Amino acid sequence: ASAQLQLAVPVAVVFAPGSVPGDLPKPLPFRDVQEMEISVNLRTSVTSHYEMIYRRTTAREEAALDAATAREADAALHLLQDASLGSLTMYVVPETSSLLPQGISVYVGKHRSALVRAGGGLAALHTRLRQLTQVMSFSASSVSAALSDRVPDGHLGPGARRHLKSSLGYEITFSLLNPDPKSHAVDWDIEDAVNRYVQPVLDKLSLVANFSVDSQILYYAVLGVTPRFDKESSSFLLSAHSLPHVINPVEARLGSSAASLYPVLNFLLYVPERSHSPLYIQDKDGAPVSTNAFHSPRWGGIMVYNVEVPASPQASLPLHVDVDMERVMEVFLAQLRLLFGLSREELPPEFLLESPGNEGLADWELDRLLWAHTVENIATVSTTLTSLAQLLDKIGNIVIKDDVASEVYRAVASAQRALAELAMGHLHSAFQASKEAVTSSERAFFDPSLLHLLYFPDDQKFAIYIPLFLPMAVPILLSLAKIVREARQRKKEPTKMD
């Protein structure tokens, strides 16, 4: 199905005193629209409109920009901003401003604003603003990744298909694997760790989808690969090329994700058995991985947690192990960000991005996720409804019930509403409409009355019924032939003359 998407991003460019470039085309305030074309394939095009409003700072914004550091200014400005999802505010500060550290010309805060150092006139400012909008809203690569099913293979970046598909919900499972409970009695306070480190991130992501979290401890669950012993470091090593073979045997013990309605993310903490300790993961170049963890796109991540070997060989077994949950959760949260495609893109050295802190992601990163998921949802609805139409074309005598028809109408109306809201720059309502469209289109597509196995093709009907009717039909046909013959005989008889 062809799709023409228009994404509108409201951007306010606010000039602090002493930062207004001399070559502005009009006196402040004024509006301007900048367009960017993203070609996905021949039938899908995405046009982005950056609706720029240029103005001077208000007295309160000026006071906020008088803060000592960029972080303090960002927090103060956050209270004065348009807080609607998808909108951006760029504050242009004078070239000599001490707010930005030396050598930094762009500071991206953890809300929906950035500080930009003036200098170099309007053309240089435009270049910086364009880079900024692509970092903080969407870029050609993030839109192509969202529409990855429609993009020809060679046109995608290496990480484009790594992100999780957009879904109405996700299930997160934390598993502790203890293959050697005779040697190690492992304790992990997963409930407290989830509340402290994971829940703030999921609260922020609750706009995107529903999340459920559970945990389990698996005993005698081993990795499917035997690690190699390295004499030099007297440790065991897992090489990068053997990592894919680790997952399948472990997954067999995790419990079936087939019963789940939603994608399942697995985070595994593996405490190696005593005979294979300490165990380290190597990267492709043979160097040890600093986190001793690896992640698998769209599946989850595994972290190896080595236990200190006791100094005295007579130490009583099993050894009691208390897991340092802060260290573990730091790794798992980084992997969670990667799975959602929230990894920070390569940026020019003069860009400084504020760390999102314990919330796990900045407001603009949430917006970035919403832009991508909205576009992906609209594409999914289009594909689902096209498939449904093809199915109905194929089966001429299919019966479409009223409730299925109303779901199809609802899906189309919601998708059109999502497109309209995107074109107006209303990200939140566009995302909600796209979610409703996905729900309705899936309900229609998976309705039990539309199962094509319920409808037999004509050739199958003949194949079933001919063997049943043929034995009865033969005597009937012979009798009919006899009746016809006798009728003809009778017509001929009166014409005979004596």
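Simple spin-label estimate for Asp214 and Arg31 gives 5.2 nm between the two label positions (7 Å along the Cα-to-Cβ direction from each Cα). The accessible-area ordering, largest first, of the residues His320, His428, His184 stands as His320, His428, His184, per a 1.4 angstrom probe.
What's the carbon and sulfur percent of region 360-498's accessible surface, probe 1.4 angstrom, rounded to a whole number? Carbon and sulfur atoms account for 65 percent of the accessible area of region 360-498.
Each Lys and Arg contributes +1 and each Asp and Glu -1, all at the Cβ; summed about the Cα centre of the chain, the dipole is approximately 2400 debye. Rounded to the nearest 20, the size of the Cβ-charge dipole of region 456-497 about its Cα centre is 500 debye, with Lys and Arg at +1 and Asp and Glu at -1.
Listed cross-link partners Lys165/Lys204; Lys182/Lys284; Lys165/Lys394; Lys231/Lys284 are compared with a 24 Å cut-off, the Cα-Cα value being larger for Lys182/Lys284; Lys165/Lys394. Under Stokes-Einstein, with the Kirkwood radius over Cα pairs as Rh, the value for the chain at 25 °C and 0.890 mPa s is 89 µm²/s. A straight Cα-to-Cα reach below 12 Å connects Lys110 with the aspartates and glutamates Glu72, Asp74, Glu354, Glu359, Asp363, Glu365, Asp367, residues fewer than 8 places away in its own chain not being considered. What would the Debye equation give as log₁₀ I(q)/I(0) for region 364-454 at q = 0.14 Å⁻¹, counting only Cα atoms as equal point scatterers? Computed log10 I(q)/I(0) values: -0.51.
From the Kirkwood radius over Cα pairs of region 95-148, Stokes-Einstein at 4 °C and 1.567 mPa s returns a whole-number translational diffusion coefficient of 103 µm²/s.
Once all protein chains are placed together, Tyr262 keeps about 80 Å² accessible to a 1.4 angstrom probe.
Of the whole protein surface, Tyr197 contributes about 50 Å² of accessible area at a 1.4 Å probe radius.
Within the same chain, lysines fewer than 8 places from Lys482 are excluded, and of the rest, those with a Cα less than 23 Å from its Cα are Lys491, Lys492, Lys496. For region 169-340, the Stokes-Einstein estimate of translational diffusion at 20 °C and a viscosity of 1.002 mPa s comes to 127 µm²/s, using the Kirkwood hydrodynamic radius over alpha-carbon pairs. Taking every protein chain into account, the accessible area of the chain amounts to 53 square angstrom per residue (probe 1.4 Å). Which aspartates and glutamates have a Cα lying under 15 Å from the Cα of Lys401, excluding residues fewer than 8 positions away in the same chain? Filter leaves Asp447.
Bridge orientation summary for region 169-340: considering DSSP beta bridges with both residues in this region, about 20 percent are antiparallel. Helix-only arithmetic for the chain: the sum of -39500 (n - 2.57) across DSSP H runs with n ≥ 4, divided by the residue total, places the mean residue ellipticity at 222 nm at -12000 deg cm²/dmol. Taking 0.36 nm per residue of sequence separation and removing the Cα-Cα distance, the Thr127/His245 pair yields an extension gain of 37.9 nm.
Taking the DSSP bridge list for the chain and keeping only pairs wholly inside it, about 30 percent are antiparallel.
For region 9-61, the normalised intensity computed at q = 0.13, 0.17, 0.30 Å⁻¹ comes to -0.45, -0.63, -1.17 (log10 of I(q)/I(0), Debye sum over alpha carbons, equal scatterers, no solvent). The value of relative contact order for the chain, using C-alpha pairs under 8 Å at least six residues apart, is 16 percent. Considering only Val201, Ser440, Ile483, the residue lying farthest towards the positive end of the dipole of the chain is Ile483, judged by Cα position with unit charges set on Cβ.
The values are calculated or read from the model by the stated rules, or taken from the named source; none is laboratory data. Please read all numbers here as calculations on a predicted model, not as lab measurements. Quick reminder, even Gly has a Cβ in these numbers, built from the backbone with ideal geometry, and neighbours come from all protein chains shown. Protein only, heavy atoms only, side chains kept; ligands, DNA and RNA dropped before computing areas. Shrake-Rupley method; radii C 1.70, N 1.55, O 1.52, S 1.80 Å.
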